[in-house]
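I have placed the structure first, in the form of structure tokens, so that the comments after it can refer back to it.
The values are calculated or read from the model by the stated rules, or taken from the named source; none is laboratory data. These numbers were taken from a predicted model, which means no experiment stands behind them. Glycine also receives a Cβ, built like all others from the backbone with ideal geometry; neighbour counts cover every protein chain displayed. For the accessible areas, the whole protein counts, side chains as well, though only heavy atoms, and no ligand, DNA or RNA atoms are used. Shrake-Rupley method; radii C 1.70, N 1.55, O 1.52, S 1.80 Å.
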Amino acid sequence: MTESVRSQVTPIIVWGAVAFLVINAFSWNPGWGGRRDREPGWELERYFGWPACYYCDLWRSDRPDEIDHPAYFPLIPFSRQMGFVYHSFSFTALALNLLLVVCGIVSIILWILSKHDTGKPWMGPAGIALAILGIFIVMSGNEFSTYL
């Protein structure tokens, strides 16, 4: 691998890892509202991971106070009055999310390498096959997700 190719590949790997961490480390759309068991108080549901949800948890408060929505930060519950109830984890969903990032990174790297090395015609079709695999993972993410 030449230095010019290496200088193109390294940022792709770094940004792919950063994208994976940003997308999968935060609960982007938490659900909150009244308790499902008809008791007074609030519940908070957080879901982590895309395209497959690999971790979800439930937090509950017995106090019927209004929640301060602007004070919410994805890694911290709404208030100290909320207590952890339970969680669900799927290693398969996490592995699929990681596989999606690997497919994207490797297909871009193969595309860059095929532009610089015309002696290996298999690189272009391999990159396309990885992109198709990535699309399949995105479309089937809900099948492998974990739920509360």
### Residues located in the range 65-80, provided they are open to solvent by 90 Å² or more (accessible area, probe 1.4 Å) and either assigned to a helix (DSSP H, G or I) or at pLDDT 70 or above (or both)
Pro70, Arg80
## Note on the structure
The one condition Ala25 fails out of (1) at pLDDT 80 or above; (2) of a type outside the set (Val, Ile, Thr); (3) more than 30 Å from Ser7 (Cβ to Cβ) is (3)
### Message
Could you check the range 99-148 and list, in sequence order, the residues that are polar (S, T, N, Q), at pLDDT 90 or above and in a helix (DSSP H, G or I)?
### Response
Asn142
### Query
Which residues, taken from the range 38-56, are among the charged types (D, E, K, R) and either modelled with pLDDT of 85 or more or outside any loop (DSSP other than H, G, I, E, B) (or both)?
Glu43, Glu45, Arg46
### Task
Residue by residue through the range 34-45, note down the ones that are open to solvent by 80 Å² or more (accessible area, probe 1.4 Å) and on the phi > 0 side of the Ramachandran plot.
Arg38
### Query
How many of the residues making up the range 10-33 are in contact with a helix residue (DSSP H, G or I) (Cβ under 9 Å, 6 or more places away or on another chain) and either closer than 23 Å to Arg60 by Cβ or open to solvent by less than 60 Å² (accessible area, probe 1.4 Å) (or both)?
7
### Task
Count, please, the residues in the range 124-138 that happen to be in contact (Cβ under 8 Å) with a residue 12 or more places away in the chain, surrounded by fewer than 18 Cβ atoms within 10 Å (Cβ to Cβ) and under 12 Å from Leu96 (Cβ atoms).
2
